[in-house]
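Values in this text are rule-based calculations from the coordinates and carry no lab data. From a predicted model like this one, the values you see are computed outputs, not experimental measurements. All Cβ positions, even for glycine, are placed from backbone atoms using ideal geometry, and neighbour counts span all protein chains on display.
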Amino acid sequence: MTDEGAEQQRRVTLRFLAEPGDVNFGGKVHGGAVMKWIDQVGYTCAAGWTGTYCVTVYMGGLHFLAPIHVGEVVELQALVIRTGRSSIDISVDVYARDPKSPERRRTGHCVIVFVALGSDGRPARVPQWQPRDDVDRALESYAVRLAYLRKQMDTEMERRLGRSGEGRVSPSEE
């Protein structure tokens, strides 16, 4: 993949109207619907970057910042912020706006990690991305820091689960 082609695939935006079927019991768009949309835009970005099928292996740092109302235009922006050997970190921002207004508000954010799969179903190499400016370097640093924290949390959970014997944390370990 050329640098020019890779740059074109680095960013994906999906837009649609939030529908009545997306509503939760509180009358706003259901968080599960937003998570599905986040995964969809993330997959579209990852598959576009890698040119292959990708699977979600981690979604982290999900922040619901503001509610989305039925009838609003929802915009999800996905951006490659780091690549590994077979993995790709995608930052996703969620925005919403009244369709009669150009003014939008940020309603959510997260980072998703995908792994590219080859035709044999095993992890496959991904085209590498390199930061080009200070913003890119900050985004990559953010992804590296999240990966480090994720490993720390996984290690802590495994340590705690191993001690409890039943998959629960005992009160004495908290």
Item to complete: Would you calculate a helix-derived [θ] at 222 nm for the chain, using -39,500 (n - 2.57) for each DSSP H run of n ≥ 4 and dividing by the full residue count, to the nearest 500?
Response: -11500 deg cm²/dmol
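Order of E103, E72 from fewest to most other C-beta atoms within 10 Å?
Least to most surrounded, the residues fall as E103, E72.
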Worksheet item: In the set (1) 38; (2) 47; (3) 29, which value of percent of Cα pairs over 27 Å apart was calculated from the structure you see?
Response: (1)
Practice prompt. Select from T52, V144, I112 the residue farthest towards the positive end of the dipole of the chain; place +1 on Cβ of Lys and Arg, -1 on Cβ of Asp and Glu, and compute about the Cα centre.
Written response: V144
Practice prompt. Treat every Asp and Glu Cβ in the chain as -1 and every Lys and Arg Cβ as +1, leave all other atoms uncharged, and give the resulting dipole magnitude about the Cα centre to the nearest 20 debye.
Written response: 160
